[in-house]
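The next block holds one structure in the form of structure tokens; read it before the comments.
The values are calculated or read from the model by the stated rules, or taken from the named source; none is laboratory data. A quick note: this is a predicted structure, and the numbers were derived from the prediction, not measured. When we count neighbours, we look across all protein chains shown, and the Cβ atoms used for this are built from the backbone with ideal geometry, even at glycine.
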Amino acid sequence: MIDQTVDKKLENVAAILDMLSEDTSVPRNIRKGAKDSKERLFGSKEALDLRCASVVSVLEDLANDPNIPLHGRTLIWNATSILESIK
């Protein structure tokens, strides 16, 4: 059973990924990556720690994209930090 703090952390990550996927100042590939990451995090039957690790890996790749604006990179780092605390 997932405790309340993990649920809250997952809600925060979902909100961050939604912000990224809807922000038109962020390149299209980053928006798509954020949307795909959210689907991977919430749509799979894998264990939570595997889903978190998989999404962290994708987000790190997105954060290293040279075209991402600074605020987008900061959001990705925030989401990564939250997911790493869940593992």
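A compact table of results
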quantity	calculated
Boolean, I86 is surrounded by 13 or more Cβ atoms within 10 Å (Cβ to Cβ), at pLDDT below 95 and within 13 Å of the chain's Cα centre (by Cα)	yes
Scan of region 1-18 for residues that are in contact (Cβ under 8 Å) with a residue 24 or more places away in the chain, of a type outside the set (K, R) and closer than 17 Å to V56 by Cα, ordered by number	V6, L10, N12, V13, A14, I16, L17
Answer from L41, L59 - the residue that is surrounded by 13 or more Cβ atoms within 10 Å (Cβ to Cβ), within 22 Å of K8 (Cβ to Cβ), within 11 Å of the chain's Cα centre (by Cα) and modelled with pLDDT under 95	L41
